[in-house]
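> Dropping the structure in here first, questions after.
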Amino acid sequence: MNNSFHIAVLPGEGVGLEVTAAALHVLDAVERRFGIALRQEPIQGGALYYKEHGSTLEPDGMRRAGAADAMLFGAMGWPEIRFTDGTEITPQIDIRGEYNLFAGVRPIRAIPGVPVALADPRAAGIDLVILRESTEGMFARRSEGVVTADHATDTMVITRSVTERLTRFACDLALRRKATRGTPGRVTLVDKANVFRSFAFMREVFLETAAQSPEVEARVHYVDAMALDLVRRPWEFDVLPMENLFGDILSDLGAGLIGGMGFAPSADIGDAHGLFQPSHGTAPDIAGQGVANPTAAILSAAMMLEWLGTTRSSQACRDAAVAIEGAVDLAFSTKGLRTRDIGGGSRTRDVAETVADLIAAGSHDRP
């Protein structure tokens, strides 16, 4: 069984550099504990790189990233550095398009010991996934919008083929979660089918495709009602596929339920490639201070290992992914970690070292 993998590491800028270093520190412990070899290939890029070199990634960076077994991404973008059309530098979106990473997997899970936003005791059991379609929707023609002196127009794109793939991915994910986590095996499409033809079409394709997985409970929900219900009863939801822009917005709302963006990992998955990154940005206001919460980056690394374990048939990677998640839970529930974003004083390095030490000691069962 092959347990050696080539990882493209794109740490980016701002706190991306810091949280990626923390995730790599945890992966070092995983390599030693589980006999996994991760050959890291650094690739530079981002807004600051663009300002200096005139390109968003270093030469041949896009091809090199895609040639790796997986991509580990920190954060890229800087508010003051933009293209001439006013949009930000976002190489991560370019990578999604280049490698057709249609499934944006954004787990929203309450971590033991981390304060949640809701007083209801059921909030401690929040465990859902926002599944953001990452190649179409309002992002599909993002560089082709028409702007005149009087109006601006962008185009929504929903296709049958991508909606079918997203639905099948959602159903498979719901069944895996049911088997491994005891979740309901429920998929709820989030749309605005009562107003827009594109979403009515998406709903029709979703229901047709979900019917091919009768063991999965398929539901639909309007996006405005979902914004309400994610605050009112988030523990009732499981896998939530949705259009690109809706997923971008609601995943931030979901992160707010479980402690903030520092606890929100993500993956962008295609048929042959996977990119793994925290959902947050570069946070220029705290960059370089060593106080950024690296938990999302560490959990994104766990998602990378789980994906490698599944796609490359590596039990060691699957075991390591479970170990990272369990060590994170123990670190916050029993080791007193409290990062600045939840009112504590634990620094970036403190989180990385605590999680790595728990893995090294074999103390990574969930509480």
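The values are calculated or read from the model by the stated rules, or taken from the named source; none is laboratory data. Remember, predicted model here, so these are calculated numbers, not experimental data. Positions of Cβ are generated from backbone atoms using ideal geometry, with glycine treated the same way; all protein chains shown enter the neighbour counts.
> Quick check on this structure: which one of 8, 29, 22 is touching a helix residue (DSSP H, G or I) at 6+ places or on another chain (Cβ under 6 Å) and not in a helix (DSSP H, G or I)? I'd like the intermediate steps shown before the answer.
Numbers: 29 fails: not in a helix (DSSP H, G or I); 22 fails: not in a helix (DSSP H, G or I).
After ruling out the rest, the residue left standing is 8.
> Please enumerate the residues belonging to segment 224-260 that are buried (at least 19 other Cβ atoms within 10 Å of the Cβ), in a helix (DSSP H, G or I) and among the hydrophobic types (A, V, I, L, M, F, W, C).
If the condition is that a residue be buried (at least 19 other Cβ atoms within 10 Å of the Cβ), in a helix (DSSP H, G or I) and among the hydrophobic types (A, V, I, L, M, F, W, C), then 226, 230, 246, 250, 255, 257 are the ones that fit.
> Now a separate question. What number of residues within segment 119-159 are crowded, with 21+ Cβ neighbours inside 10 Å, of a type in the set (Val, Ile, Thr) and not in a loop (DSSP other than H, G, I, E, B)?
Residues meeting the conditions: 2.
> Moving to a separate point now. Please list, ordered by first then second residue, the pairs with beta carbon atoms under 7 Å, 6 or more apart or interchain, first in segment 238-264 and polar (S, T, N, Q), second surrounded by fewer than 19 Cβ atoms within 10 Å (Cβ to Cβ).
244/138
> While we're here: When the residues of segment 47-61 are narrowed to those that are free of Cβ contacts under 8 Å to residues at least 12 places away in the same chain and in a helix (DSSP H, G or I), which ends up surrounded by the most Cβ atoms within 10 Å (Cβ to Cβ)?
Checking each candidate, the answer is 53.
> Within segment 160-214, work out how many residues are among the hydrophobic types (A, V, I, L, M, F, W, C), part of a helix (DSSP H, G or I) and either within 19 Å of residue 229 (Cβ to Cβ) or outside the structural domain of residue 243 (by TED's automatic domain parsing) (or both).
Filtering segment 160-214 for residues among the hydrophobic types (A, V, I, L, M, F, W, C) gives 162, 166, 169-171, 173-175, 179, 187, 189-190, 193, 195-196, 199-202, 205-207, 210-211.
Retained after the next criterion (residues that are part of a helix (DSSP H, G or I)): 162, 166, 169-171, 173-175, 179, 199-202, 205-207, 210.
Add one more test, that the residue is either within 19 Å of residue 229 (Cβ to Cβ) or outside the structural domain of residue 243 (by TED's automatic domain parsing) (or both), and what stays is 170, 174, 199, 206.
Residues in segment 160-214 being among the hydrophobic types (A, V, I, L, M, F, W, C), part of a helix (DSSP H, G or I) and either within 19 Å of residue 229 (Cβ to Cβ) or outside the structural domain of residue 243 (by TED's automatic domain parsing) (or both): 4 in total.
> Can you work out which of the residues in segment 338-365 that are touching a strand residue (DSSP E or B) at 6+ places or on another chain (Cβ under 9 Å) and charged (D, E, K, R) is surrounded by the most Cβ atoms within 10 Å (Cβ to Cβ)? Walk me through it before giving the result.
Taking segment 338-365 and keeping what is touching a strand residue (DSSP E or B) at 6+ places or on another chain (Cβ under 9 Å), we get 338-340, 345-348, 350-351, 354.
Filter once more, keeping what is charged (D, E, K, R): 338, 340, 347, 350.
Details: 338: 17, 340: 17, 347: 19, 350: 21.
Among them, the one singled out is 350.
> Quick one: how many residues across segment 283-337 are farther than 27 Å from residue 13 by Cα, in a loop (DSSP other than H, G, I, E, B), touching a strand residue (DSSP E or B) at 6+ places or on another chain (Cβ under 9 Å) and in contact (Cβ under 8 Å) with a residue 24 or more places away in the chain?
Selection size over segment 283-337: 2.
> Take residue 58 and decide whether it is touching a Phe, Trp or Tyr at 6+ places or on another chain (Cβ under 8 Å) and over 22 Å from residue 305 (Cβ atoms).
The answer is yes for residue 58.
> Then there's this: Surrounded by 14 or more Cβ atoms within 10 Å (Cβ to Cβ) and either of a type in the set (A, V, I, L, M) or modelled with pLDDT under 95 (or both): does that describe residue 162?
Spelling it out, residue 162 is indeed surrounded by 14 or more Cβ atoms within 10 Å (Cβ to Cβ) and either of a type in the set (A, V, I, L, M) or modelled with pLDDT under 95 (or both).
> Can you find, within segment 62-83, the residue that is farthest from the chain's Cα centre (by Cα) among those that are assigned to a helix (DSSP H, G or I) and free of Cβ contacts under 8 Å to residues at least 40 places away in the same chain? Steps first, answer last, please.
At the first step, the residues of segment 62-83 found to be assigned to a helix (DSSP H, G or I) are 62-67.
Going one step further and asking which of them are free of Cβ contacts under 8 Å to residues at least 40 places away in the same chain, we end up with 62-63.
On the way: 62: 20, 63: 22 Å.
Result: 63.
> Same structure again: Does segment 75-97 include one or more residues that are within 24 Å of residue 353 (Cα to Cα) and in contact with a helix residue (DSSP H, G or I) (Cβ under 9 Å, 6 or more places away or on another chain)?
Yes, there is a match, as at least one residue in segment 75-97 is within 24 Å of residue 353 (Cα to Cα) and in contact with a helix residue (DSSP H, G or I) (Cβ under 9 Å, 6 or more places away or on another chain).
> Inside segment 9-40, can you point out the residues that are hydrophobic (A, V, I, L, M, F, W, C), touching a Pro at 6+ places or on another chain (Cβ under 8 Å) and crowded, with 24+ Cβ neighbours inside 10 Å?
Passing the criteria: 10, 19, 22, 23.
> Does residue 44 fit the bill of being surrounded by fewer than 22 Cβ atoms within 10 Å (Cβ to Cβ) and closer than 21 Å to residue 265 by Cβ?
The answer is no for residue 44.
> Okay, next question. Would you confirm whether or not segment 84-102 contains a residue that is under 19 Å from the mean Cα position of the chain (by Cα), buried (at least 22 other Cβ atoms within 10 Å of the Cβ) and part of a strand (DSSP E or B)?
Within segment 84-102, not a single residue is under 19 Å from the mean Cα position of the chain (by Cα), buried (at least 22 other Cβ atoms within 10 Å of the Cβ) and part of a strand (DSSP E or B).
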